[in-house]
1. In whole angstrom, how far apart do the alpha carbon centroids of the stretch 52-93 and the stretch 221-255 sit?
2. Can you compute the helix-only [θ] at 222 nm over the chain? Use -39500 (n - 2.57) per DSSP H run of at least 4 residues, normalise by all residues, nearest 500 deg cm²/dmol.
3. So, by mean Cβ neighbours within 10 angstrom, what's the order for 132-140, 311-319, 284-292, 99-107 with the highest one leading?
4. Along its principal axes, what span do the Cα atoms of the stretch 225-302 show, with the longest given first and each in whole Å?
5. Normalising by the residue count of the chain, find the relative contact order in percent from Cα pairs under 8 Å and 6+ residues apart.
6. For the stretch 21-89, taking Cα atoms only, what is the radius of gyration to one decimal and the Dmax to the nearest whole Å?
7. Roughly what % antiparallel, to the nearest 5, for the DSSP beta bridges in the chain?
8. Skipping prolines and chain starts, which residues have an amide H placed within reach, meaning under 5 Å, of the one on Leu94, given they are 5 or more residues away or on another chain?
Amino acid sequence: MPKVLEQTLKGDRKSRIPVWFMRQAGRYLPEYRKIRQKYDHFLDFCFSPRSACEVTLQPLKRFDLDAAILFSDILVIPYALGQTVSFIKDKGPLLKNFNEIQLKYNPSKLSPVFEAIHLIKDQLPKNKSLIGFCGAPWTIATYMIEGQGSKTYQKTKSFAYLHAQEFSALLELLAQVSADYLIRQIEAGVDVVKIFDSWAGAVPAECFDEWVIQPTRIIVNEVKKIYPYIPIMGFPKGVGLFYQDYLKTGVDAITLDPSVPRLWALENLSQHVVLQGGLDPIVVLTRGKYLDQQIDTLLNTFTTVPYIFNLGHGFVPETPIENVEYIIHRIRSFEKSCEQLLSCSI
Ligand code: 1CP
């Protein structure tokens, strides 16, 4: 059965615009919160194949979406490398003692993720795609070294500037391990993979090649060596003009953050990669002129090129479910009006 997300990722512009959302499974859904409360520890939740499968499929039961994204987290990689990872309620991730760990990769710690993928694939409708993912080496390194989320990345950058060789070895290790992790996800059944570089916007221009492009390119090359036809999406959030440099990573699709000018992306990126995303997740909290404007600009700018509708970052927990329904409805109405226009002009 044709899967519109994968067809679009191969460069085909279809009349149906594929739609999925970052953090489409998450705290804005009551059915997610219900399962979430069963677990004290977020990683126990991620590593429970049946719960992970259930929440992965939840948004597809509610909304007319074209893909599921595996429910897991990018921080399972530091965990598989031997670092203690926990999630503190209302505060976020906490990772212990980067200096004291040996960094030894144990992929068997990730086997519940592959089990979850098997379960999801058994239940996922055949016309929908399953997206697997990992964090990019820079973003993972920031969590490992800071021990938590950060605004300044002070510890990570100081480490990188003062111990350049060690930092570059860490990025290389993370790239190899992440490639292995994606390959195992593909073996287990994911159809598409995505590399999240959520904090790439904090990298200084002079270091962009070394900290972002090169490690990401290693992941892309390693995965493509074994699975050349599996589409790879990249998300270099917040990098401005460096979105164009990011093409050098060899990814097949790029997610736009809300600040990327749409026409600039059309003119400078769309000939090389499939474009995806862009909608401000915060405008989704509202209804009215700004929400409509942002949806319509995305749809109208990318009418002639392969484009996948998505946000420019994840849904926040306060997102009203009706607004998600509204966005999808607006996209499907746009498709209908395009079809009518086409049939009138023949
Ligand atoms: O208690 C909860 O319910 C925690 C909220 C939550 C959720 C729903 C976390 C903790 N992770 C997730 C799932 C998750 N994380 C997915 C699953 C699928 C989906 O999108 O529906 C994915 C792809 C991620 C990836 C992830 N985790 C990223 C990259 C994407 C992004 O949002 O930028 C990052 C940076 C993380 C780290 C993370 N995980 C969770 C928190 C609170 C954080 C920290 C974010 C920060 O530092 O600001």
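1. Between the Cα centre of the stretch 52-93 and that of the stretch 221-255, the gap is 21 Å.
2. Mean residue ellipticity at 222 nm (helix-derived): -13500 deg cm²/dmol.
3. Details: 132-140: 25.7, 311-319: 18.9, 284-292: 13.8, 99-107: 11.0.
The peptides rank, most packed first, as 132-140, 311-319, 284-292, 99-107.
4. Extents along the principal axes, in whole Å: 47, 22, 21.
5. Across the chain, relative contact order equals 20 percent.
6. Values for the stretch 21-89 (Cα only, Rg and Dmax): 12.5, 39 Å.
7. Numbers: 5 of 28 bridges.
That works out to approximately 20 percent antiparallel.
8. Ser86, Phe87, Ile88
The values are calculated or read from the model by the stated rules, or taken from the named source; none is laboratory data. Values in this document were obtained by computation on a predicted structure and should not be read as measured data. Note: ideal-geometry Cβ built from the backbone for every residue, glycine included; neighbour counts use all protein chains shown. Heads up: the accessible areas ignore ligands, DNA and RNA and are worked out on the full protein's heavy atoms, side chains in. Shrake-Rupley method; radii C 1.70, N 1.55, O 1.52, S 1.80 Å.
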